[in-house]
Structures are given as structure tokens and as C-alpha cells.
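The values are calculated or read from the model by the stated rules, or taken from the named source; none is laboratory data. None of these values were measured; they are calculated from a predicted model. For neighbour counting, all protein chains shown are included, and Cβ atoms are generated from backbone atoms with ideal geometry for every residue, glycine included.
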Amino acid sequence: MTFLAVGINYNTAPLYIRERLSFSADVLETSLQDLWQLKEISEAAILSTCNRTEFYCTSTSDNQQILVDWVAQNKQLNPADFIPYLYCHIDNSVYRHIFRVACGLDSMILGEPQILGQMKTAYQAAYDAGTLGKRLGKLFQHTFTAAKKVRTDTSIGSSPVSIAFAAVQLAQQIFDKLSEQTALLIGAGETIELAARHLSQQGIGRIIIANRTYDKAHILASKFNGYAIALSELPMHLAEADIVISSTASQLPILGKGRVESALKKRRHKPMFMVDLAVPRDIEAEVEQLRDVYLYTVDDLQHTIDQNMNSRRLAAEQAEEIIDTQVDYFLSWLRAQSAQSTILDYRDQALQTRDEALQKALLQLKNGISAEEALNRLAHSLTNKLIHTPSSQIRVAAENERHDLIAAAREIFKLKQL
């Protein structure tokens with residue numbers, strides 16, 4: 001069985017490509033089951049975030065083209081449109097890659113913690129879809145262990161650095177006083193909650209949270225003394241916003257050029273700072289053409305993020321050493337699995353031999369033999385039966401000058417070396 005991983009991320013693919021290869025939560029289960037139906041695929045999981053989409057599989061083949069063809073068919077794309085942006089991993093390279101991803105070592109923001117939660121979501125989705133088996137499931141468990149150890153043993157997560165933090169930091173550079181500004185946050189997920197927390201800590205004047213589900217917006221807004229609105233109310237409140245940060249799972253843009261242009265007229269062209277953290281994008285790219293709008297996407301935050309990385313780089317080096325060890329642990333587990341069937345067969349054979357000897361001893365007791373004699377005969381018979389086959393095979397090995405087998409037997413049975 002071969003482990004395969006194919007994917008794209010913020011380093012290899014521009015946003016418009018990542019948008020086309022993203023998988024929303026509502027299609028994930030059917031997509032996983034469709035991928036799993038391929039005869040070469042034994043197990044499958046899909047990780048899809050704003051910065052990456054990756055496919056993890058175990059397969060009877062090391063042919064990565066299987067995954068490429070499936071992606072092209074599922075997304076109705078020409079393979080030539082996305083193949084140049086792909087990276088591929090096989091076996092050992094897969095283990096190291098997935099560990100690094102979960103630890104945040106492959107993230108735009110080095111060491112960011114959200115990716116581990118997203119990895120756990122991918123695991124749960126595959127589990128619920130029935131596409132996760134023993135090997136891929138164990139790889140995920142080792143992945144979570146590696147990430148926890150990196151978090152515990154290094155300071156990689158000590159600095160408050162995230163995409164949400166970078167967006168707020170950029171807002172601070174544009175506005176002199178956040179206390180005089182109103183922030184409109186679209187969505188109610190983890191990224192928006194982080195953005196709200198950072199804005200609140202920096203003394204933002206007012207927070208409005210818009211979400212498709214009003215109750216979720218209300219729950220989040222109440223944490224930060226904010227005001228909740230339904231997404232349908234967005235046009236009525238957009239003009240109030242000096243800062244707009246959006247991160248939803250919508251497959252279509254939420255804010256178009258016309259709606260933003262109308263808001264700017266109401267604001268008498270007072271500038272708006274907008275950050276679109278969603279993939280696919282929530283804000284139409286054409287909005288950037290408007291004179292009084294400063295629109296940024298996840299890719300535009302790279303420079304801001306780079307300024308916050310120095311404190312994490314040393315910790316990342318320590319994390320790589322931990323990952324080396326964790327990869328070795330997983331390889332040891334895999335090697336042990338190759339001997340599992342032999343161990344089970346040997347155990348079954350020994351249990352059968354034991355049961356036969358025990359039944360014979362019980363019959364002897366029933367026929368009047370003393371308990372002491374029955375135990376002696378049981379011990380003698382069981383010992384002879386257990387050592388008979390190994391002894392015969394060692395003799396055959398000696399006759400055939402298979403000294404390697406004899407040496408292996410001495411090691412397996414922990415005999416004194418000659």
C-alpha cells in the first residue's frame with residue numbers, strides 16, 4: 001500500500017487557481033466518497049482551506065495521475081490549467097509533509113494554530129464519510145501527536161500571529177486611531193472571531209458582525225460588545241464601515257462593485273479598508289478599481305506577515321527536529337504492521353496447540369489419572385509440540401547452510417550468541 005498526497009497552496013498557486021480547487025463543507029462528503037470509489041484508492045481525506053487544498057490517500061498504485069485526473073473531472077477543469085501548480089508526495093515524503101502542515105511549518109503564517117483545527121476537521125470529515133481506514137487514520141493520529149508536541153516543546157505559537165492578526169495590524173497602519181473607526185466583520189467562523197478579538201484588544205470603536213445565520217452573529221457579537229445583523233441587512237449597514245473584514249464559506253461573492261460604490265456615495269467617499277480572507281473570494285476583485293477603497297486579499301498580507309515571523313523561526317528549527325523523530329515513530333508503526341499477520345497466525349497456531357493439549361489432559365483426569373501426573377504430561381506434551389516445528393525448520397536451515405535463518409532464530413528466541 002502506497003501513501004499519496006497531491007495539493008496546491010499559497011506558495012505554488014495564485015488565488016484564482018486555489019478558488020477553483022477549493023471544496024466547501026457541503027460537498028466534502030460526496031467528493032470524498034466519489035474519490036474513494038476509484039478502484040486504486042483505499043483511503044482518502046481532503047484538506048481545503050483558504051491557503052491550500054490537499055488530497056491524502058492510500059493507494060494500490062504510486063500513480064499520482066489518478067488523483068490529478070479525478071480532480072480535473074470533479075472540478076470540470078482542464079488538467080493543464082492546474083498541473084503546473086501541483087506538488088506531489090509519496091510515502092515518507094507524505095508523512096513529513098502532513099506533519100509540517102499540521103504544525104504550521106508550511107503555512108503563510110509560520111506556526112499559525114488554525115491549521116491544526118482544520119486538519120482535525122478534514123480527519124473528521126473523512127471518518128464520517130467512511131473513507132478513512134487503519135493506515136490513513138493512524139497517520140492522522142501521529143500528525144496530531146506531532147503537532148501537540150511541537151506546540152508544547154517549542155515557542156512556535158507564542159507570538160500572536162495569524163491572518164486575522166495581520167489584517168488588524170494593517171488596519172492600524174492605515175488608521176491613526178482605531179477607537180474612532182467602525183469595523184464590519186462578515187462571517188462568524190474562527191478567523192472572524194480572531195479578527196474581532198484582535199480589534200477589541202486594539203480598542204476598535206464599534207464592531208458589526210454580519211452572518212447568514214443571525215443567531216451565530218449575535219453569539220459572536222455579544223462576546224465583543226458588538227452589533228449583529230443578518231447578511232441580508234448588509235446593504236443597509238455597509239456605509240457605516242470604515243473597516244470590512246470578510247471570511248465566509250460562500251461559493252459566490254457577497255460584495256460586488258456596485259454595492260460598495262453605493263456605500264461610498266453614502267459615506268461621501270470617505271475611504272474604506274477592506275480585507276477579503278475568503279477562498280473563494282467574498283469581495284469581487286473589481287472593487288479594487290474603486291478610488292476610495294483599499295482592498296486586500298490573503299495573498300496581499302504576505303509582507304505584513306513576514307514582519308512578524310522572526311520570533312518563530314528558531315522555534316521552527318526545533319520543530320523540524322521533533323518532526324524527524326515523529327516520522328521515525330510512524331515508520332516503525334508501519335513496519336510493525338507488515339509483521340502483524342505473521343504474529344496473529346503464530347498466536348492462533350499456539351492457541352490451537354494449547355487447546356488440544358488441555359483437552360487431552362482433562363480427558364486423562366476424567367479417566368482417573370492423578371492431577372500431578374496429568375500436569376506433568378501436559379507440560380511435557382505442550383513443550384514438545386511448541387518447539388517441534390521451529391526445531392525441524394532450524395535443522396533444515398542447517399542442512400541447507402542457511403546460517404542467516406539460524407542467526408535470526410537465535411535472535412527471535414533470545415538465545416545466547418554462539
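What the table shows:
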{"item": "Tabulated pairs, the stretch 132-143, first free of Cβ contacts under 8 Å to residues at least 60 places away in the same chain and in the same structural domain as Leu35 (by TED's automatic domain parsing), second of a type outside the set (Ser, Thr, Tyr) and surrounded by 15 or more Cβ atoms within 10 Å (Cβ to Cβ), C-beta under 8 angstrom, 6+ apart or interchain", "result": "Thr143/Ile98; Thr143/Phe99; Thr143/Ala102; Thr143/Met119"}
{"item": "Search result, residues across the stretch 119-141 that are surrounded by fewer than 20 Cβ atoms within 10 Å (Cβ to Cβ) and within 14 Å of the chain's Cα centre (by Cα)", "result": "Lys120, Thr121, Gln124, Tyr127, Gly137, Lys138, Gln141"}
{"item": "All positions within the stretch 363-379 that are touching a residue at least 12 places away in the same chain (Cβ under 8 Å) and either closer than 30 Å to Ile412 by Cβ or loosely packed, with under 13 Cβ neighbours inside 10 Å (or both)", "result": "Leu375, Arg377, Leu378"}
{"item": "Of all residues making up the stretch 128-143, the number that are in contact with a strand residue (DSSP E or B) (Cβ under 9 Å, 6 or more places away or on another chain) and part of a helix (DSSP H, G or I)", "result": "7"}
{"item": "Residue identified as among the hydrophobic types (A, V, I, L, M, F, W, C) and within 26 Å of the chain's Cα centre (by Cα) among Leu255, Leu334, Leu264", "result": "Leu334"}
{"item": "Within the stretch 225-264, tally of residues that are of a type in the set (S, T, N, Q), touching a residue at least 60 places away in the same chain (Cβ under 8 Å) and surrounded by fewer than 20 Cβ atoms within 10 Å (Cβ to Cβ)", "result": "1"}
{"item": "Leu344 vs. criteria outside any helix (DSSP H, G or I) and either at negative phi or modelled with pLDDT under 90 (or both)", "result": "no"}
{"item": "Enumeration of residues in the stretch 174-211 that are more than 33 Å from the chain's Cα centre (by Cα) and either surrounded by fewer than 23 Cβ atoms within 10 Å (Cβ to Cβ) or within 20 Å of Ser107 (Cβ to Cβ) (or both)", "result": "Ile174, Phe175, Asp176, Lys177, Leu178, Ser179, Glu180, Gln181, Thr182, Gly203, Gly205, Arg206"}
{"item": "Among the candidates Arg267, Arg281, residue that is surrounded by fewer than 22 Cβ atoms within 10 Å (Cβ to Cβ) and of a type in the set (D, E, K, R)", "result": "Arg267"}
{"item": "Selection count where residues are surrounded by 13 or more Cβ atoms within 10 Å (Cβ to Cβ) and either of a type in the set (A, V, I, L, M) or not assigned by TED's automatic domain parsing to the domain that holds Thr389 (or both), scope the stretch 344-357", "result": "2"}
{"item": "Subset of the stretch 19-46 [over 17 Å from the mean Cα position of the chain (by Cα) and not acidic (Asp, Glu)]", "result": "Arg20, Val27, Thr30, Gln33, Leu35, Trp36, Gln37, Leu38, Lys39, Ile41, Ser42"}
{"item": "Residue, nearest to the chain's Cα centre (by Cα), within the stretch 279-307, restricted to residues that are more than 30 Å from Leu110 (Cβ to Cβ) and in a helix (DSSP H, G or I)", "result": "Glu286"}
{"item": "Complete set of residues in the stretch 399-418 that are exposed (fewer than 12 other Cβ atoms within 10 Å of the Cβ) and either of a type outside the set (Lys, Arg) or part of a helix (DSSP H, G or I) (or both)", "result": "Glu399, Asn400, Glu401, His403, Asp404, Glu411, Ile412, Phe413, Leu415, Gln417, Leu418"}
